[in-house]
Amino acid sequence: MEKTEWEKLIDNLVRQGILVSPKLVQAMRKAPRYKFLPDNSQPYSAKDIPIPIGYQQTISAPHMVAIMNEALQLKVGQKVLEVGAGSGWHAATIAEVIAPKDAPRSEWGHIYSVEIVQALAESAKKIILKNGYSDRITIINADGSNGYQQKAPYDRIIVTAAAPKVPPPLLDQLKPNGIMVILVGDYALFQILKRLTKDENGKIKQESLGEVAFVPLKGKYGQA
Ligand code: SAH
């Protein structure tokens, strides 16, 4: 049987050493990007590039989602906060790891995904419902630079828009032994992809994982 374009893209990410963990490869297979894009974007869905989703926002490039998910060290049962739901696709790739359908429901984790643009939050809700994720992902229309205190603390936090600096509420809402992946820097140029790890005593260790270019984080702790 001929491989689909999406499967070929996944094979390439594996060959390039970007996608490594078998469970993340599996998650990318189960949540293909085209299911989260409108009809007019379908021809581009298996290209390794960001694609506009309206409101000057983009669905991230597959290699970037792979890099960020690898950095998060995801496991079944984790409670995750995403800032910047956009299309809901990145959240779905995470849900496939923390709450896989083949694990007992009692072991499932959950992802709370905050989106500041109301229209995007509404369409993400519809897309995740249509694709069977609404019992694993909750979309919230709010300023996620404040985090989402109602369900804090989180095992993992991922920020998919570029912040001028790490928003303090996000650090507060990260559990001990938790990991945050975030893009920090001046959004007009490029940002640094950072992984922050909080130890048992609340001490933060920072690692830089490379340079990236993302849309700006808005809101209270966003870009001016
Ligand atoms: N993860 C998304 C793509 C992210 S693009 C996907 O899989 O499609 C970044 C998103 O962050 C945009 O949708 C933008 O509207 C949103 N955003 C920007 N600032 C935000 C904030 N302060 N709180 C919540 N969402 C924000």
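Write down the accessible area per residue of the chain in Å², having rolled a 1.4 Å probe over the full set of protein chains. Could you put the intermediate results ahead of the total?
Values: 10640 Å² over 224 residues.
Accessible surface, normalised per residue, equals 48 Å².
Could you list which residues have their amide H under 5 Å from that of Thr58, counting only those 5 or more apart in sequence or on another chain, with H placed in the peptide plane?
For Thr58, whose amide H was placed from the backbone, the distant partners under 5 Å are Ile53.
How much of the DSSP beta bridge set in the chain is antiparallel, as a percent to the nearest 5?
Numbers: 17 of 38 bridges.
The antiparallel proportion sits near 45 percent.
If you take the C-alpha gyration tensor of segment 1-155, multiply each eigenvalue by 5 and take the square root, what semi-axes do you get, largest first, in whole Å? Walk me through the numbers on the way to the answer.
On the way: eigenvalues 105, 76, 38 Å².
Computed over segment 1-155, the values are 23, 20, 14 Å.
Using Cα pairs closer than 8 Å and at least 6 residues apart in sequence, work out the relative contact order for segment 82-224, in percent.
Working: 311 pairs, mean separation 29.2, N = 143.
Taking the mean separation of contacting Cα pairs over the length of segment 82-224, I get 20 percent.
Which cross-chain or sequence-distant (5 or more) residues have an amide H under 5 Å from the amide H of Arg136, H modelled 1.01 Å from N in plane?
none
Over 20 Å between Cα atoms, which of Lys165/Lys220; Lys35/Lys101; Lys47/Lys75; Lys165/Lys205 qualify?
On the way: Lys165/Lys220 12 Å; Lys35/Lys101 18 Å; Lys47/Lys75 28 Å; Lys165/Lys205 15 Å.
With Cα atoms farther than 20 Å apart: Lys47/Lys75.
Please list the three semi-axes, largest first and in whole Å, of the ellipsoid equivalent to segment 82-224, using sqrt of 5 times the eigenvalues of its alpha carbon gyration tensor. Kindly include the intermediate steps, with their values, before the conclusion.
Working: eigenvalues 112, 74, 35 Å².
For segment 82-224, the ellipsoid semi-axes come out as 24, 19, 13 Å.
Can you classify segment 1-56 as rounded, prolate or oblate using the Cα gyration tensor, where a ≥ b ≥ c are the square roots of its eigenvalues, rounded means a/c under 1.5, and otherwise it's prolate if a/b beats b/c and oblate if not? The partial results should precede the final answer.
Working: a/c = 2.03, a/b = 1.66, b/c = 1.23.
Cα axes put segment 1-56 in the prolate bin.
Heavy atoms of the protein only, probe of 1.4 Å, neighbouring chains included. What is the accessible area of Phe190 in Å², nearest 10?
The accessible area comes out at roughly 100 Å².
Under 15 Å from the Cβ of Gly17, count the other residues' Cβ atoms, weight Lys and Arg +1, Asp and Glu -1, and hand me the total. Each step should come with its number before you reach the end.
Numbers: positive: Arg15; negative: Asp11, Asp48, Glu70.
Once positives and negatives cancel, what remains is -2.
Ignoring ligands, DNA and RNA, please state the percent of accessible area on segment 5-212 from carbon and sulfur, probe 1.4 Å.
Working: 4850 of 9380 Å².
The value for segment 5-212 is 52 percent carbon and sulfur by accessible area.
The values are calculated or read from the model by the stated rules, or taken from the named source; none is laboratory data. Predicted model, so just to flag it, every value in this text is computed and none were measured. Backbone-built Cβ (ideal geometry, glycine too); neighbour counts: all protein chains shown. When the accessible area is computed, the model is the full protein with side chains, heavy atoms only, and any ligands, DNA or RNA have been set aside. Shrake-Rupley method; radii C 1.70, N 1.55, O 1.52, S 1.80 Å.
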